[in-house]
1. Please find, within the range 138-151, the residue that is modelled with the highest pLDDT out of those that are open to solvent by less than 100 Å² (accessible area, probe 1.4 Å) and not in a helix (DSSP H, G or I).
2. Looking only at the range 39-48, which residues are surrounded by 12 or more Cβ atoms within 10 Å (Cβ to Cβ) and either of a type outside the set (Lys, Arg) or in contact (Cβ under 8 Å) with a residue 40 or more places away in the chain (or both)?
3. Can you tell me which residue within the range 79-93, out of those that are among the charged types (D, E, K, R) and under 11 Å from VAL130 (Cβ atoms), is modelled with the lowest pLDDT?
4. Quick one: is ILE54 touching a helix residue (DSSP H, G or I) at 6+ places or on another chain (Cβ under 6 Å) and either surrounded by fewer than 18 Cβ atoms within 10 Å (Cβ to Cβ) or at pLDDT 95 or above (or both)?
Amino acid sequence: MAGRSDRGDAVSLTNVWVQTLGDGLVRADQIAGIDAHQTPALSGKPSRWLLDVIASIPTGSGSRYGWTITALHRTVTQTAENPGTAPAELARLLAQLDAIEARGIVTAERARPDEANGPAGRAAGGGGAVHFRFAPFAQPAPGRRSDAEYL
């Protein structure tokens with residue numbers, strides 16, 4: 001396995017995945033941005049805040065007026081309250097996981113109302129509304145072959 005010095009300053013994260021709300025998993029090295037934005041309130045439905053990862057892969061859609069290319073957004077979680085510092089917290093977690101060459105899945109959890117509004121949530125500027133968890137992949141059992149044909 002290549003060490004950090006072999007990769008220079010490049011972000012790897014090829015073995016870290018981020019769980020999205022409805023689209024499955026996004027490989028973390030494909031993330032080009034992290035965004036929190038508010039949706040508009042529509043016909044009796046309240047506005048929501050979305051925490052999205054933006055993939056480095058563009059997506060297109062067409063209509064009779066032409067073709068549009070946009071960034072591919074995938075929602076990690078949604079909240080009723082502004083997620084505050086959650087984008088920066090996710091970026092920091094991904095950087096820490098990259099530094100240790102981690103392998104596993106990052107998930108987001110909405111905080112309980114008492115956690116989001118408690119001292120920790122207020123100290124973080126409201127970023128306590130979302131918590132991130134990392135679950136490392138289990139190592140193969142000793143003696144178990146792990147090459148592709150035996151997985």
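1. First, the residues of the range 138-151 that are open to solvent by less than 100 Å² (accessible area, probe 1.4 Å): 138, 140-141, 143, 146-148.
Those left that are additionally not in a helix (DSSP H, G or I): 138, 140-141, 143, 146-147.
Numbers: ALA138: 89, PRO140: 74, ALA141: 72, GLY143: 75, SER146: 68, ASP147: 68.
Among residues in the range 138-151 that are open to solvent by less than 100 Å² (accessible area, probe 1.4 Å) and not in a helix (DSSP H, G or I), the one modelled with the highest pLDDT is ALA138.
2. Filtering the range 39-48 down to residues surrounded by 12 or more Cβ atoms within 10 Å (Cβ to Cβ) leaves 39, 48.
Answer for the range 39-48, where residues must be surrounded by 12 or more Cβ atoms within 10 Å (Cβ to Cβ) and either of a type outside the set (Lys, Arg) or in contact (Cβ under 8 Å) with a residue 40 or more places away in the chain (or both): just THR39.
3. First, pick out the residues of the range 79-93 that are among the charged types (D, E, K, R): 81, 89, 92.
Right, trim to under 11 Å from VAL130 (Cβ atoms) and you get 81, 89.
Details: GLU81: 90, GLU89: 96.
Among those residues, the one meeting the criterion is GLU81.
4. Details: touching a helix residue (DSSP H, G or I) at 6+ places or on another chain (Cβ under 6 Å): no; either surrounded by fewer than 18 Cβ atoms within 10 Å (Cβ to Cβ) or at pLDDT 95 or above (or both): yes.
Against the criterion (touching a helix residue (DSSP H, G or I) at 6+ places or on another chain (Cβ under 6 Å) and either surrounded by fewer than 18 Cβ atoms within 10 Å (Cβ to Cβ) or at pLDDT 95 or above (or both)), ILE54 does not qualify.
The values are calculated or read from the model by the stated rules, or taken from the named source; none is laboratory data. All figures in this text were calculated on a predicted structure; none of them were measured in a lab. Methodologically, a virtual Cβ is constructed for each residue, glycine included, from the backbone with ideal geometry; neighbour enumeration extends over all protein chains shown. Note: areas computed on protein heavy atoms with side chains; ligands, DNA, RNA excluded. Shrake-Rupley method; radii C 1.70, N 1.55, O 1.52, S 1.80 Å.
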